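Written out below as C-alpha coordinates is the structure these notes cover.
The values are calculated or read from the model by the stated rules, or taken from the named source; none is laboratory data. Bear in mind the structure is a predicted one, so any value in this text is a computation, not a measurement. No Cβ is skipped: glycine too gets one built from the backbone with ideal geometry, and neighbour counts run over all protein chains shown. Surface areas here come from the heavy atoms of the whole protein model, side chains and all, with no ligands, DNA or RNA. Shrake-Rupley method; radii C 1.70, N 1.55, O 1.52, S 1.80 Å.
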Amino acid sequence: MKTQIDYDNQDERGLLPYPVIVAATKGEPAAMKMVVEHYDSYISSLAMRKVRDERGNVYYGIDGDVRDRLRVKLMQAVLSFRI
(Lines give C-alpha, C1' and ligand atoms only; values in the text may rest on other atoms or scores of the structure.)
Protein backbone atom coordinates (compact mmCIF):
# COMPACT_ATOMS: atom_id res chain seq x y z
CA MET A 1 0.00 0.00 0.00
CA LYS A 2 1.56 3.26 -1.12
CA THR A 3 0.72 6.52 0.56
CA GLN A 4 0.94 10.00 -0.87
CA ILE A 5 3.58 12.15 0.83
CA ASP A 6 3.49 15.94 0.76
CA TYR A 7 7.11 16.83 -0.07
CA ASP A 8 6.40 20.57 -0.21
CA ASN A 9 5.60 20.74 3.49
CA GLN A 10 8.96 21.81 4.90
CA ASP A 11 9.35 22.36 8.61
CA GLU A 12 10.96 25.69 9.42
CA ARG A 13 13.13 23.92 12.01
CA GLY A 14 14.66 21.69 9.33
CA LEU A 15 13.04 18.48 10.54
CA LEU A 16 11.67 15.71 8.36
CA PRO A 17 7.88 15.48 8.43
CA TYR A 18 6.48 12.59 10.47
CA PRO A 19 4.64 10.98 7.51
CA VAL A 20 7.94 10.83 5.60
CA ILE A 21 9.63 9.07 8.53
CA VAL A 22 6.81 6.54 8.81
CA ALA A 23 6.84 5.87 5.07
CA ALA A 24 10.63 5.45 5.08
CA THR A 25 10.48 2.90 7.91
CA LYS A 26 8.02 0.91 5.79
CA GLY A 27 10.49 0.90 2.89
CA GLU A 28 8.91 3.38 0.49
CA PRO A 29 11.66 4.43 -1.97
CA ALA A 30 10.58 8.07 -2.37
CA ALA A 31 10.52 8.62 1.39
CA MET A 32 13.87 6.87 1.83
CA LYS A 33 15.36 9.11 -0.85
CA MET A 34 14.07 12.17 1.02
CA VAL A 35 15.66 10.94 4.27
CA VAL A 36 19.02 10.27 2.58
CA GLU A 37 18.94 13.70 0.89
CA HIS A 38 18.15 15.32 4.24
CA TYR A 39 21.31 13.85 5.78
CA ASP A 40 23.48 14.08 2.65
CA SER A 41 25.51 17.13 3.71
CA TYR A 42 26.22 15.59 7.13
CA ILE A 43 27.26 12.31 5.50
CA SER A 44 29.55 14.19 3.11
CA SER A 45 31.20 16.03 5.98
CA LEU A 46 31.81 12.71 7.78
CA ALA A 47 33.31 11.23 4.61
CA MET A 48 35.77 14.11 4.13
CA ARG A 49 39.39 12.92 4.06
CA LYS A 50 42.82 14.50 3.67
CA VAL A 51 44.35 13.51 0.33
CA ARG A 52 47.93 13.96 -0.92
CA ASP A 53 48.67 14.16 -4.61
CA GLU A 54 51.88 13.01 -6.31
CA ARG A 55 53.59 16.36 -5.63
CA GLY A 56 52.87 16.25 -1.91
CA ASN A 57 50.10 18.84 -1.93
CA VAL A 58 47.40 18.23 0.66
CA TYR A 59 43.75 18.88 -0.02
CA TYR A 60 40.42 17.61 1.27
CA GLY A 61 38.10 15.39 -0.71
CA ILE A 62 35.09 13.19 -0.14
CA ASP A 63 35.86 9.49 0.10
CA GLY A 64 33.15 7.91 -2.06
CA ASP A 65 33.41 4.50 -0.42
CA VAL A 66 32.93 5.92 3.06
CA ARG A 67 30.02 8.09 1.85
CA ASP A 68 28.29 5.07 0.29
CA ARG A 69 28.82 2.97 3.42
CA LEU A 70 27.32 5.71 5.60
CA ARG A 71 24.30 5.98 3.31
CA VAL A 72 23.76 2.21 3.51
CA LYS A 73 24.06 2.30 7.31
CA LEU A 74 21.50 5.13 7.45
CA MET A 75 19.06 3.17 5.28
CA GLN A 76 19.52 0.05 7.42
CA ALA A 77 18.90 2.06 10.58
CA VAL A 78 15.75 3.64 9.13
CA LEU A 79 14.37 0.27 8.02
CA SER A 80 15.04 -1.31 11.42
CA PHE A 81 13.46 1.62 13.31
CA ARG A 82 10.13 0.80 14.94
CA ILE A 83 7.50 3.45 15.62
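Here are some notes:
- Residues of segment 55-72 satisfying the condition of being open to solvent by less than 60 Å² (accessible area, probe 1.4 Å) and not in a helix (DSSP H, G or I): Gly56, Gly61, Asp63
- Filter pass, Ala31 being assigned to a helix (DSSP H, G or I), surrounded by 15 or more Cβ atoms within 10 Å (Cβ to Cβ), touching a Ser or Thr at 6+ places or on another chain (Cβ under 9 Å) and modelled with pLDDT of 95 or more: yes
- Scanning segment 58-83 for residues that are under 17 Å from Ala31 (Cβ atoms) and touching a residue at least 12 places away in the same chain (Cβ under 8 Å) yields Arg71, Leu74, Met75, Val78, Leu79, Phe81, Arg82, Ile83.
- Single residue of segment 39-54 satisfying the filter (open to solvent by 70 Å² or more (accessible area, probe 1.4 Å) and outside any helix (DSSP H, G or I)) that is nearest to Gly14 (Cα to Cα): Tyr39
- Near pairs, Cβ below 7 angstrom, 6+ apart or cross-chain, from segment 45-57 (over 14 Å from Arg69 (Cα atoms) and of a type in the set (A, V, I, L, M)) to any residue that is open to solvent by less than 80 Å² (accessible area, probe 1.4 Å) and part of a strand (DSSP E or B): Val51/Gly61
- Checking Lys26 against (1) closer than 23 Å to Ile83 by Cα; (2) at pLDDT below 95, the condition it does not meet: (2)
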